[in-house]
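Trainee: One structure coming up, written as structure tokens, with questions to follow.
Derivation of every value follows stated rules applied to the coordinates shown; laboratory data play no part. Small disclaimer: the values here were computed from a predicted structure and weren't measured. Neighbour counts run over all protein chains shown; Cβ positions are idealised from the backbone, glycine included.
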Amino acid sequence: MTPYAQPPQPLALYGPDFAADPQGHYLRLREHGPLAPVRIAPGIDALLVTDYQAAVDLLRDTHTFTKDPRAWQATVPEDSPVLPVLGHRPTALFSDGEVHARYRAAINDGLALIEPHVLRAEVTRVAKRLIGEFAADGSGDLIAQYARRLPVHVFVTWFGAAPEDSERVVEAAAGMFNSAEDAAAAYADLVEVVTALVADRRARPRRDLTSYLLSHPAGLDNDETVRQITLIMSAGHDPTTNLIGNALLHMLTDTRYAGSLHGGAKTAHEAIDEVLWQDPPLANLAAHYPRHDTEFHGVRLRAGQLILVSYAAANAQSAPDLVNPVPRSGSSAHLAWSAGPHRCPAKQPALLIAMTAIEQLTSQLCDAELAVPASALKWRPGPFHRALVRLPVRFTPVDMTAETDRHRPTGHGPEEPSAVSIGR
């Protein structure tokens, strides 16, 4: 028998109450042991790992757990709003062993083509253009006008997608993680965009990541290529948006940053690292399923049962004192990038995008401050992410006309998608 007393009913990880106070929910869950029952959507239950060591053990244990959700998925209604995130697709995220290694090799080799200095230059160019669009107003929403728009321009460049599809990619990625009624439609729209792109590049290869994946020795077919690209886009765009937004909020509200984006004793790098410990943009994910009935950290598990890892809860339990840090094994000890064979392959480009985005904003709008009390800010509901709805700020108006014109695309037609970030 498990030594832990389980709550009478699963605690809901969706809706406004959870969005407003996730750490309060994690504290209550931790009272019931390292794994506790949660509800991630109406009628969809899981066990959530809130203990740091249990999380690390699960993420590294490929013998006891599988990433293939199909046995669990057969018990879930086909229209469940969590399936766009958790439902099986032929990608690295939902596979084990040799299949996982094949998909992961294509993704790793593709991402390795992105030269950091070229990526930084591309992000800087886009950041200055986006800031210039609202800098003269003296106010803006740093989510809608900046953090949400910047990463998609990078993805359009990497994969060679049409610029006019940028907004569809943004809405699809966000809609999936919201896990609301329109989640399936959001994912379907993303698949439609990428399917057309892959078909075009199969016929007419170009110098972009889509063409590279199609020609990779892994021998991906069209559908496999579509699924790896949609995985990178969905797992990359929304979390990167949220990392930028959460770090900016941290800088605007923590007194060590002087209540603004410039002038405090702490840096953007430190803000990002602290957010990855305290408020990771992917709060709960890493779905695993026991291969057989077993006991794990004192809790009995059923074969095929959905187990999720709470990066946010595990980090909070194990985080150093960020005011008077106690040395651990370094900042890499947090779990925001996961761990084990499914550790995020895009850690370095994601960090570079977020760092550059914040540095550009702090250099241009250095006196920006929150336009509303921090307590008035709203968070997007959903079990998987930690994401602001809006981040309204005010600042001294800045005329960036010359800077914006310098970074504006030239030519008479739409901006030509290129692989400027691909270095070889």
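Trainee: Once you place label points 7 Å from the Cα toward the Cβ at ARG60 and ASP79, how far apart are they in nm?
Mentor: 4.4 nm
Trainee: Right, next: Relative contact order (percent) for the chain, with alpha-carbon contacts under 8 angstrom and 6 or more residues of separation?
Mentor: After rounding, I find 27 percent.
Trainee: Based only on Cα atoms, what mean projected area does the convex hull of the chain have, in nm²? Intermediate results must be reported in sequence, preceding the final value.
Mentor: Details: hull surface 82.2 nm².
Seen from a random direction, the Cα hull of the chain projects 20.5 nm² on average.
Trainee: How long is the gain from ALA71 to SER139 if the chain were fully straight, where each residue apart is worth 0.36 nm and the alpha carbon distance is subtracted?
Mentor: Result for the pair: 19.5 nm of gain on full extension.
Trainee: When you take every Cα atom in segment 68-150, what is the radius of gyration, and what is Dmax, the widest Cα pair distance, in Å?
Mentor: 19.8, 55
Trainee: As a test, work out the antiparallel percent of DSSP beta bridges whose residues both lie in segment 1-146, rounded to the nearest 5.
Mentor: Antiparallel bridges: around 75 percent, rounded to the nearest 5.
Trainee: Hey, got the dipole for the chain? About the Cα centre, +1 on K and R Cβ, -1 on D and E Cβ, debye to the nearest 20?
Mentor: Using Cβ point charges on Lys, Arg, Asp and Glu, the chain gives about 640 debye.
Trainee: Multiply the residue separation of THR401 and LYS347 by 0.36 nm, subtract the distance between their alpha-carbon atoms, and state the gained length in nm to one decimal.
Mentor: My answer for the length gained is 16.1 nm.
Trainee: Please give the peptides 99-105, 361-367 ranked by average Cβ packing (other Cβ atoms within 10 Å per residue), highest first, as a rough proxy for protection.
Mentor: The packing order, highest mean first, is 361-367, 99-105.
Trainee: Then there's this: Once you keep just the Cα pairs under 8 angstrom separated by 6 or more residues, what percentage relative contact order results for segment 133-196?
Mentor: On the way: 39 pairs, mean separation 14.2, N = 64.
After rounding, I find 22 percent.
Trainee: Full extension from ASP17 to ALA185: what is 0.36 nm times the residue separation minus their Cα-Cα distance, to one decimal in nm?
Mentor: Details: separation 168, 0.36 × 168 = 60.48 nm, distance 2.55 nm.
Separation in residues times 0.36 nm, less the Cα-Cα distance, equals 57.9 nm.
Trainee: Work from the charge dipole of segment 11-406 (Cβ charges, +1 for Lys and Arg, -1 for Asp and Glu, about the Cα centre) and give the residue of PRO383, PRO217, ALA312 farthest towards its positive end.
Mentor: Of the candidates, PRO217 comes out farthest on the positive side.
Trainee: With the alpha-carbon atoms as the only input, what is the per residue convex hull volume for segment 134-285 in Å³?
Mentor: 150 Å³
Trainee: Please give the peptides 116-127, 283-294, 307-318, 234-245 ranked by average Cβ packing (other Cβ atoms within 10 Å per residue), highest first, as a rough proxy for protection.
Mentor: 234-245, 307-318, 283-294, 116-127
Trainee: Under a plain spin-label model, where a point goes 7 Å from the Cα along Cα-to-Cβ, how far apart in nm are ALA303 and VAL99?
Mentor: Distance between the two pseudo-spin positions: 1.7 nm.
Trainee: Mind ordering 141-150, 177-186, 162-171 by average Cβ neighbours within 10 Å, highest first?
Mentor: 141-150, 177-186, 162-171
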